[in-house]
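Take a look at the structure set out below.
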Amino acid sequence: MPRYTQREFEKWIIDEDQDILILHKPSGIAVQSASVAAMDLENLAKAYLKGGYVGVVHRLDQPVEGLILFAKNKKAASFLDRQIAKGEMKKEYFALCADCQDPSMKKERSTLEDYLLRDGRNHTSMVVPKGTPGAKRALLEYDVIKRAEKPDPRALLHIRLMTGRYHQIRVQLSHIGLPILGDTRYGETGCAPESGAMALCAAALSFIHPGTGQKVQEVMIPQNDVFLPFLDIIKTEMAKGKGISGS
């Protein structure tokens, strides 16, 4: 894993006050690691705050870039945890997928509802029948924003995440034949882009501030090179009001 400096970490800060810290997590760094000595976002945040409290409110998979929120005290962490438990914290993503080229695939908003079972030994999840012991309901919505033409079959999706299951977006999209580019765990052989980054970005986050009680909305444009050919489309999509404010 690359070693990141505090100067790099400080460049990732999008917003900060006495209660919260919002960052742009680049792909390739874990939010948390099983090893205390490992370089991860939590340990970098603790170093930045000189050993102060760092509450991990939610997570992003290591290959995924995007907005991440930390709490800077226990009261704020509890307040934000309750929002997540009630489904009140809103998260939106952009994903670039290997298009199955199914002509029946709808371009308007679609809903995916599945039941996912986590395999802790192999660090994966899978779609299983409802009622499977240990399975959890997974729900998301997506719009197909752009479908590239052959011989470059790719689909750009705008995703609204309603539940936060392990590898949820990656598993559910792969299950319907839309594996995310660069996702070697759930994707197709050879679907990884040349840069090696996964084409999934947590681009919007909305929640109630634990200190002020006001609604906070943060958005970001994907930085990974895999999205470069689609940045104008993404910016147009966000400007339509279909992002957090319009969801």
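The values are calculated or read from the model by the stated rules, or taken from the named source; none is laboratory data. Note that the coordinates shown come from a computational prediction; the quantities given were computed from them, not determined experimentally. Note that each Cβ is placed from the backbone with ideal geometry, even for glycine, and that neighbours are counted across all protein chains shown.
What to note about this one:
- Within region 6-19, if we keep just the residues that are out of contact with any strand residue (DSSP E or B) (no Cβ under 6 Å at 6 or more places or on another chain) and surrounded by 16 or more Cβ atoms within 10 Å (Cβ to Cβ), the residue that is modelled with the highest pLDDT turns out to be 19.
- Candidates 68, 84, 22: the one that is under 23 Å from residue 170 (Cα atoms) and either at pLDDT 95 or above or among the small types (Gly, Ala, Ser) (or both) is 68.
- Any hit, region 102-117, residues being more than 18 Å from residue 141 (Cβ to Cβ) and at pLDDT 95 or above: yes
- Residues that are under 17 Å from the mean Cα position of the chain (by Cα) and among the charged types (D, E, K, R) within region 82-94 comprise 88, 90, 91, 92, listed in sequence order.
- All positions within region 126-151 that are modelled with pLDDT of 90 or more, farther than 23 Å from residue 204 by Cβ and not basic (Lys, Arg): 126, 127, 128, 129, 131, 132, 133, 134, 135
- Once region 18-53 is narrowed to residues that are among the β-branched types (Val, Ile, Thr) and within 20 Å of the chain's Cα centre (by Cα), the residue that is nearest to residue 212 (Cα to Cα) is 20.
- Counted residues, region 194-219 - those being within 12 Å of the chain's Cα centre (by Cα), modelled with pLDDT of 90 or more and not in a strand (DSSP E or B): 1
- Here residue 174 fulfils each of the conditions (1) of a type in the set (Gly, Ala, Ser); (2) modelled with pLDDT of 90 or more; (3) under 26 Å from residue 69 (Cβ atoms); (4) assigned to a helix (DSSP H, G or I) apart from (3).
- When residues of region 46-67 are limited to those that are aliphatic (A, V, I, L, M) and under 18 Å from residue 160 (Cβ atoms), the one surrounded by the fewest Cβ atoms within 10 Å (Cβ to Cβ): 60
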